[in-house]
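A quick write-up on the structure given underneath.
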Amino acid sequence: MAWFRTLMQLSTIAKSPPFKPNNTVLSPHLALISSISHFSTQSQPEVTRHAGLGPTKADEKPRVVVVGSGWAGCRLMKGIDTSLYDVVCVAPRNHMVFTPLLASTCVGTLEFRSVAEPIGRIQPAISREPGSYFFLANCNGVDADDHVVHCQTVTDGEDTLDPWNFKISYDKLVIAAGAEPLTFGIKGVNEHAIFLREVYHAQEIRRKLLLNLMLSDVPGVTEEEKSRLLHCVVVGGGPTGVEFSGELSDFIIRDVHQRYAHVKNYIHVTLIEANEILSSFDDRLRQYATKQLVKSGVRLVRGIVKDVQPQKIILSDGTAVPYGLLVWSTGVGPSPFVKNLELPKATGGRIGVDEWLRVPSAQDVFSIGDCSGFLESTGKPVLPALAQVAERQGKYLANQLNRIGKAGGGHANTTKDIEVGEQFVYKHLGSMATIGRYKALVDLRQNKEGKGLSMAGFVSWFIWRSAYLTRVLSWRNRFYVAINWATTFVFGRDISRI
């Protein structure tokens, strides 16, 4: 085998006397050793860092810079015509999270890789085209006059490179930075609660849950401490909070009672909501969900959290609720990046856009997803922070940019004489939520007061699973999800703490 013979020759050379360089040409093996010597720890040259990407030239493809890798940004990148544009994505994560199935990963129904779709698979040009890139970085500023975004690299841990700043010039900028969880300024939420918006949030919840289960079974733990460790509190009665509560109660009934029999009577779930749970759903569906959650062992508490402490939360009426795991899911709001942008704002602090998702005061700047909202001057309401809204906006804007590029308006400041096309119109397709124990809710009304099909039960659960299985972006992840569901059904959930 050629590679084995080469390895033996290299080992023989390494044992020979030191080589004295002269004017002769190095053999391939010696050249290899010479190149390897560059990786020694002695007198390392400084790493060259580029200032960023400069403006595109007239004979080059225009550059679309996408800030964010959520539903809106990824759907836009998927639909953009890379024969017309170079695509540059700037985001602190290199994947998109399929959020409707994220709650299932917390208890082992699905594995984490099943809900994470790499950016390079969504838009392959980023991996192979010379002018398209993905940069693991945060965007911390936009200079709309000079068509430049300011970024800072994302590093992980103290032993990695120090973060540094760089700039990217754009021809078209799409801000799809998403939103961040709302804490309402309540003290202790960021320090002690766990959100449920990213894969690492789900990983933290899963590790914490399994750790508490194992610690509660160790000798020496008091009854009071055991009850606290195994008390899972969910704050927020929206779809995410209800789905997580349902998954957790199902996990307790089907898996904990069998594999942690010594502590099965101590573990319980409490869902705290200030108003009604699932407020956007039909009244009949809300009542059905309440009944099923209570039947599954979930305790529903109506109250407002006033303070979050390391081992308990305090409600507005003074009630102290001890917890071992606290999950916070009370909606989302604009991030500090969005708040600090000197761009017009819509209701709620989002970036203001017109009917074509353009930022009116900034040429060649668009905004989509949870970070954007219609300006009051448009007469349209701010759309809810839903995946289907973001996905629809991403698809619409991709078609708009493709049309502009074909008309010759891809480069910066060249779209003034191009017709804007049809306005963005959102039509709500309905809402779905699973509540555990093979039951779900399906509400196909366009709005809360409208008429339409609404149903609950096993058939709704089958529709919920079928719909989301088809919405998973790649066949690879659809296969993962289907196999995970089948494995969980036959063998139960994976309770390994890794």
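Observations on the model:
- What region 259-342 shows is 52 Å² of accessible area per residue, with the surface traced by a 1.4 Å probe over protein heavy atoms.
- In plain terms, the chain from LEU469 to THR319 could stretch by 49.8 nm, reckoned as 0.36 nm per residue minus the Cα-Cα distance.
- A simple charge model with +1 on the Cβ of Lys and Arg, -1 on the Cβ of Asp and Glu and nothing else charged puts the dipole of region 65-121 at about 80 debye relative to its Cα centre.
- Cut-off 15 Å, label 7 Å out along Cα→Cβ of ARG299, residues of region 205-233 by amide N: 224-233
- Our estimate of slack between HIS268 and PHE479, defined as 0.36 nm per intervening residue step minus the Cα-Cα distance, is 72.7 nm.
- Here region 414-467 has 56 percent of its accessible surface on carbon and sulfur atoms, given a 1.4 Å probe and all protein chains in place.
- Distance in nm between pseudo-label sites at GLU129 and GLN152 (7 Å out along the Cβ direction from Cα): 3.0 nm
- Normalised alpha carbon radius of gyration of the chain [divisor 2.2 N^0.38 Å]: 1.15
- Debye intensity ratio I(q)/I(0), log10, region 196-261, q values 0.15, 0.27 Å⁻¹ (C-alpha model): -0.54, -1.32
- Rg followed by Dmax, in Å, when region 285-338 is reduced to its Cα trace: 14.6, 43
- Computed label-point distance, nm, for sites LYS291 and GLN446 using a 7 Å Cα→Cβ extension: 3.0 nm
- Net charge dipole size for region 316-434 [Lys, Arg +1 and Asp, Glu -1 on Cβ; Debye, nearest 20]: 200 debye
- FRET efficiency, 1/(1 + (r/R0)^6) with R0 30 Å, evaluated for VAL382 and ARG284 via beta carbons: 0.60
- Count Lys and Arg as plus one, Asp and Glu as minus one, and take only other residues whose Cβ is under 12 Å from that of LEU386; the net charge is then -1.
- Highest to lowest packing among 220-233, 380-393, scored as the average C-beta count within 10 Å: 380-393, 220-233
- Residue ranges 420-430, 71-81, 299-309, 207-217 sort as 71-81, 207-217, 299-309, 420-430 when ordered by packing (mean number of other C-beta atoms within 10 Å per residue, highest first).
- Paramagnetic reach from TYR438 in region 81-112 [backbone N under 20 Å; point 7 Å along Cα→Cβ]: 104, 108-110
- In a reduced charge model with +1 at each Lys and Arg Cβ and -1 at each Asp and Glu Cβ, the chain shows a dipole moment near 1500 debye about its Cα centre.
- Rg ratio (alpha-carbon, reference 2.2 N^0.38 Å) - region 268-366: 1.55
- Tensor-based shape of region 172-296 (alpha-carbon gyration tensor, a/c under 1.5 rounded, otherwise prolate or oblate): oblate
- Charge sum, other residues only, whose C-beta stays under 13 Å from GLY241's C-beta, Lys/Arg counted +1 and Asp/Glu -1: -3
- Calculated FRET efficiency for the pair MET214/MET455, C-beta based, R₀ 35 Å, to 0.05: 0.30
- When the Cα positions of VAL298, THR319, LEU271 are compared along the charge dipole of region 252-330, VAL298 comes out farthest toward the positive end, with charges on each C-beta of Lys, Arg, Asp and Glu.
- Of LYS57/LYS416; LYS61/LYS406; LYS187/LYS312, those spanning more than 21 Å from alpha-carbon to alpha-carbon: none
- Each of the peptides 319-330, 167-178, 55-66, 469-480 was scored by the mean count of other Cβ atoms within 10 Å over its residues; in descending order, highest first, they stand as 167-178, 319-330, 55-66, 469-480.
- Pairs of alpha carbons in region 394-498 separated by more than 24 Å make up 53% of all such pairs.
- Signed unit charges on C-beta, dipole axis of the chain, positive-most listed residue THR487, VAL88, GLY331: THR487
The values are calculated or read from the model by the stated rules, or taken from the named source; none is laboratory data. Fair warning: this is a prediction, and the values are worked out from it, not measured in the lab. So basically every Cβ, Gly included, is an ideal-geometry build from the backbone, and we count neighbours across all protein chains shown. Side chains included, ligands, DNA and RNA excluded: accessible areas come from the protein's heavy atoms. Shrake-Rupley method; radii C 1.70, N 1.55, O 1.52, S 1.80 Å.
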